[in-house]
1. Looking at (1) under 18 Å from Met58 (Cα atoms); (2) over 13 Å from the mean Cα position of the chain (by Cα), which is the only condition Asn195 fails?
2. Within the stretch 169-191, does at least one residue satisfy the condition of being of a type in the set (Lys, Arg) and crowded, with 21+ Cβ neighbours inside 10 Å?
3. Filter the stretch 79-95 down to residues that are surrounded by fewer than 14 Cβ atoms within 10 Å (Cβ to Cβ) and of a type in the set (Gly, Ala, Ser) and give me whichever is farthest from His148 (Cα to Cα).
4. Among the residues in the stretch 133-140, are any polar (S, T, N, Q) and free of Cβ contacts under 8 Å to residues at least 12 places away in the same chain?
5. Which members of the stretch 96-140 meet the condition of being among the aromatic types (Phe, Trp, Tyr) and surrounded by 14 or more Cβ atoms within 10 Å (Cβ to Cβ)?
6. Which of the residues that make up the stretch 85-110 are under 16 Å from the mean Cα position of the chain (by Cα), in contact (Cβ under 8 Å) with a residue 12 or more places away in the chain and part of a helix (DSSP H, G or I)?
7. Is there a residue in the stretch 136-158 that is under 18 Å from Asn89 (Cα atoms), of a type outside the set (Asp, Glu) and within 22 Å of the chain's Cα centre (by Cα)?
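Nothing in this text is a laboratory measurement; each read-out follows from the coordinates by a stated rule. Keep in mind it's a predicted model, so treat the numbers as computed, not measured. Cβ atoms come from the backbone with ideal geometry, glycine included; neighbour counts cover every protein chain shown.
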Amino acid sequence: MAVKTPLIKLDNVTKRYPLADGEFYQALNGVSMNIKEGEFVAIMGPSGSGKSTFMHIMGLLDVPSTGRYLLKGKDIELYSSDELADIRNKDIGFVFQSFNLLSRTTVLKNVERPMMYAGISQDERTKRAMDALRLVQIDNKAENLSNHISGGQIQRVAIARAMVMNPSILLADEPTGNLDTKTSKEIMEHIKELNKKGTTIILITHEENIADYAKRIVRIVDGKIVADRQK
């Protein structure tokens, strides 16, 4: 039986950032791992461990200094910048702790934004945005401005926006940061349901109780993977 190609394959990836004194800061140091389609993986580590750099590379927001990153079996170096932008918009959903919503724009228009870049018609944009808002149970706030809803509601909007293009991968960076326990649990239950429907989830967190929702936990310290276990 043929072995299925990993969705994501990192092969000895390093990432260095130049410092003002001519030295370099090593954010990732020889990271190798595979992620299969449909997995739910939590990436854990202390502040400064390289977690966010890890996510930025997997989300095609940054590139390795050395090593290889294969997405669906193809080295990302072989994609053009336009192809990478298209993948980021259609195949990868992002949920950042900072939300990145337009504050003076309605919830509905914020969720529609990724579809505007993809040339999807207005009627279809509205339908898909409302479907996504219903999925995270915040469709009743569709016409509210994004700066007139609570932090937990904003995070639900961010998840709806991330999912509106039906991405195969959802990258979530501290998705429950600064939220109360009840809201955090609700957000994670939504993410868990998305995974059950087939979305590959990569979750960046430093909280053990949030990582427990994942089926696999990878720990990073000083830019290196120190543990990788299936639950």
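1. The one condition Asn195 does not meet is (2).
2. Checked against the condition, which is being of a type in the set (Lys, Arg) and crowded, with 21+ Cβ neighbours inside 10 Å, the stretch 169-191 yields no hits at all.
3. Restricting to residues being surrounded by fewer than 14 Cβ atoms within 10 Å (Cβ to Cβ) and of a type in the set (Gly, Ala, Ser), the top hit is Ser80.
4. Scanning the stretch 133-140, I find at least one residue that is polar (S, T, N, Q) and free of Cβ contacts under 8 Å to residues at least 12 places away in the same chain, so the answer is yes.
5. Phe96, Phe99
6. Initial filter on the stretch 85-110 (under 16 Å from the mean Cα position of the chain (by Cα)): 85-101.
Of the ones still in play, those that are also in contact (Cβ under 8 Å) with a residue 12 or more places away in the chain are 87-97, 99-101.
Result: Ile87, Arg88, Asn89, Lys90.
7. Taking every residue of the stretch 136-158 in turn, at least one turns out to be under 18 Å from Asn89 (Cα atoms), of a type outside the set (Asp, Glu) and within 22 Å of the chain's Cα centre (by Cα).
Residues are listed down the side, and each one gets a yes or a no for (1) more than 20 Å from Phe96 (Cα to Cα); (2) free of Cβ contacts under 8 Å to residues at least 12 places away in the same chain:
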residue: Lys4; (1), (2): yes, no
residue: Asp21; (1), (2): yes, yes
residue: Gln26; (1), (2): yes, no
residue: Asn29; (1), (2): yes, no
residue: Phe40; (1), (2): no, no
residue: Ser47; (1), (2): no, no
residue: Phe54; (1), (2): no, no
residue: Met58; (1), (2): no, no
residue: Gly67; (1), (2): yes, no
